[in-house]
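Below is one structure, written out as structure tokens; comments come after it.
The values are calculated or read from the model by the stated rules, or taken from the named source; none is laboratory data. Being a predicted model, the structure only gives us computed values, none of them experimental. Here the Cβ is made from the backbone with ideal geometry for all residues, glycine too, and neighbour counts use every protein chain on show.
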């Protein structure tokens, strides 16, 4: 699991400070944080960094994510869960990345270090076809400066960390991304997106249907931790022309207004 889990946590904490409390994520006795919490939670007034004061507990942490549970070599999904868009509280230096960019960001990279990455990988070639079509249509195409797979003939947005990437997303008209941290970040900063789910995790559990167009290719989400033929078939059933067409629709619908999050420093 990665930063997407922690971005979902910020959605769970929305509005807590306005109620006079802060949210503590843990087991009810101790706050439990993973390596991505600092980047996701930084400056967030709704989340308790330590015990003390008026807090409310949410039992959501690594090993207890609410939206899933471990089965035999797979995740079992909780279809009663649905995420609330998260929040980022950017400082002024991070907001320097939140300039308006009148185009579409395409990010083909999945978390390659994880065994499930192969089940989320739609393939660089498909993303490249869409990038070429968008450029031919006259729409600028961007990609972030990280990850193994690199698109040809696109503008690279250089970012040093995930928070800078999230800030940059707030100024982009539309994103085309795989399910994961970037699709949660896009929801948090209000950026429309075409999200490639495939057959690993269901859009009903971690998608944002009011904001994003989600592509599954199957009605079943198997959650398998190792390479899965079902997931490959689901990814292959996601039509390149359809994703491109939806991205154009989202682009045309998207108002060219800034969606930058609040600076708190």
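Of the residues making up segment 79-91, those that are over 22 Å from residue 33 (Cα atoms) and touching a helix residue (DSSP H, G or I) at 6+ places or on another chain (Cβ under 7 Å) number 1. Residue count for segment 37-67, restricted to those that are touching a helix residue (DSSP H, G or I) at 6+ places or on another chain (Cβ under 6 Å), in a strand (DSSP E or B) and free of Cβ contacts under 8 Å to residues at least 40 places away in the same chain: 1. Condition first: under 18 Å from the mean Cα position of the chain (by Cα) and without any contact (Cβ under 8 Å) to a residue 24 or more places away in the chain. Can you find one or more residues in segment 14-24 that meet it? There is no residue in segment 14-24 that is under 18 Å from the mean Cα position of the chain (by Cα) and without any contact (Cβ under 8 Å) to a residue 24 or more places away in the chain.
Reported count of residues in segment 32-58, each being farther than 13 Å from residue 6 by Cα and more than 21 Å from the chain's Cα centre (by Cα), is 11.
Considering only residues that are out of contact with any strand residue (DSSP E or B) (no Cβ under 7 Å at 6 or more places or on another chain) and not in a strand (DSSP E or B), look in segment 68-79 and name the one that is surrounded by the most Cβ atoms within 10 Å (Cβ to Cβ). Even if it seems obvious, please write down each step before you answer.
Taking segment 68-79 and keeping what is out of contact with any strand residue (DSSP E or B) (no Cβ under 7 Å at 6 or more places or on another chain), we get 70-72, 79.
So of that shortlist, the ones also not in a strand (DSSP E or B) come out as 71-72, 79.
Details: 71: 12, 72: 7, 79: 10.
Result: 71.
Scanning segment 115-139 for residues that are buried (at least 17 other Cβ atoms within 10 Å of the Cβ), part of a helix (DSSP H, G or I) and touching a helix residue (DSSP H, G or I) at 6+ places or on another chain (Cβ under 6 Å) turns up 119, 126, 130, 133.
Based on what the data block shows, is residue 81 under 17 Å from residue 220 (Cα atoms), in contact (Cβ under 8 Å) with a residue 12 or more places away in the chain and over 13 Å from the mean Cα position of the chain (by Cα)? When the stated conditions are applied, residue 81 passes them. Would you pick out the residues in segment 192-221 that are closer than 14 Å to residue 246 by Cα and in contact with a strand residue (DSSP E or B) (Cβ under 7 Å, 6 or more places away or on another chain)? 192, 193, 194, 195, 196, 212, 213, 214, 215 - these are the residues of segment 192-221 that are closer than 14 Å to residue 246 by Cα and in contact with a strand residue (DSSP E or B) (Cβ under 7 Å, 6 or more places away or on another chain). Looking across segment 6-36, the residues that are surrounded by fewer than 22 Cβ atoms within 10 Å (Cβ to Cβ) and not in a loop (DSSP other than H, G, I, E, B) come down to 11, 12, 17, 18, 19, 22, 26, 31.
Return yes or no: is residue 200 within 30 Å of residue 226 (Cβ to Cβ) and surrounded by 21 or more Cβ atoms within 10 Å (Cβ to Cβ)? Full working, then the answer.
Details: within 30 Å of residue 226 (Cβ to Cβ): yes; surrounded by 21 or more Cβ atoms within 10 Å (Cβ to Cβ): yes.
Criteria met by residue 200.
Can you run down the residue pairs with Cβ atoms below 7 Å, 6 or more apart or on separate chains, where the first is in segment 137-153 and farther than 15 Å from residue 168 by Cα and the partner is in a loop (DSSP other than H, G, I, E, B) and at pLDDT 95 or above? Final answer for the pair search is 147/109; 148/109; 149/108; 149/109; 151/108.
When segment 208-219 is examined, which residues are found to be touching a residue at least 40 places away in the same chain (Cβ under 8 Å) and buried (at least 19 other Cβ atoms within 10 Å of the Cβ)?
Within segment 208-219, the subset touching a residue at least 40 places away in the same chain (Cβ under 8 Å) is 208, 211.
Once the filter is applied, which keeps residues that are touching a residue at least 40 places away in the same chain (Cβ under 8 Å) and buried (at least 19 other Cβ atoms within 10 Å of the Cβ), segment 208-219 yields only 208.
Could you please give the count of residues in segment 152-186 that are farther than 21 Å from residue 90 by Cα and either at pLDDT below 95 or buried (at least 20 other Cβ atoms within 10 Å of the Cβ) (or both)? Spell out how you get there, then give the answer.
Quick first cut of segment 152-186, residues farther than 21 Å from residue 90 by Cα only: 152-156, 176-179.
From what is left, the residues that are either at pLDDT below 95 or buried (at least 20 other Cβ atoms within 10 Å of the Cβ) (or both) are 154, 176-179.
Total meeting the criteria: 5.
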